[in-house]
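Working notes for the structure below.
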Amino acid sequence: MSDSLIMSPPPSAEEVAAAGMRQYVAYAPDTGRVIASAYCPADLMHTVHPGAGLLLDSQLDPLTEYVDPATKEPRARPVLTLAASRDRIKADGADETTITGIPAGATLIVRGETFEADGAAVTYSTIQPGQHALRVLAFPFQDATVVIHAD
């Protein structure tokens, strides 16, 4: 037995119409974050994702797209531009790098801990050698990661 996943191609527009289905995107009305991008029988459309906004006959990638809450139009999630002053530091607790481009209110995840950014540059040092990923979540920006190597 194989562990491979067999995926069928998405249905054609004709197959969807013949099955009485509609393609939709459900999104959080306050932020525009995509909750689901799926198909549903047209007669049940009013029951899917109560309280969510709906875009009919649309498909969005939640990693790279969202719905603008003001205009209700699909938009590309902007790319967050992060910069580290150095991508390699000594694992001595004193050597450090400075990361810029983290907006105020963003969530910064470092070694499993979360912090709320205040918009200022973040300095990072460690005593643990290895690769360290600093992840930044700042919707509607796309999630971003800075990798620092500590020797």
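The values are calculated or read from the model by the stated rules, or taken from the named source; none is laboratory data. Because the structure is predicted, anything quoted here is derived from the model rather than measured. Positions of Cβ are backbone-derived with ideal geometry, glycine not excepted, and every protein chain shown enters the neighbour counts. With ligands, DNA and RNA removed, areas are computed over all heavy atoms of the protein, side chains included. Shrake-Rupley method; radii C 1.70, N 1.55, O 1.52, S 1.80 Å.
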Looking at Leu5, is it of a type outside the set (Gly, Ala, Ser), open to solvent by 30 Å² or more (accessible area, probe 1.4 Å) and either modelled with pLDDT under 90 or in a helix (DSSP H, G or I) (or both)?
-> yes
If you go through segment 76-85 one residue at a time, do you hit one that is closer than 30 Å to Met21 by Cα and open to solvent by 60 Å² or more (accessible area, probe 1.4 Å)?
-> yes
Determine, yes or no, whether Leu108 is touching a Phe, Trp or Tyr at 6+ places or on another chain (Cβ under 7 Å) and modelled with pLDDT under 95.
-> no
Mind checking which residues of segment 126-151 are open to solvent by less than 20 Å² (accessible area, probe 1.4 Å), within 11 Å of Arg111 (Cβ to Cβ) and in a loop (DSSP other than H, G, I, E, B)?
-> Thr126
Checking Glu73 against (1) under 20 Å from the mean Cα position of the chain (by Cα); (2) in contact (Cβ under 8 Å) with a residue 60 or more places away in the chain, which single condition isn't satisfied?
-> (2)
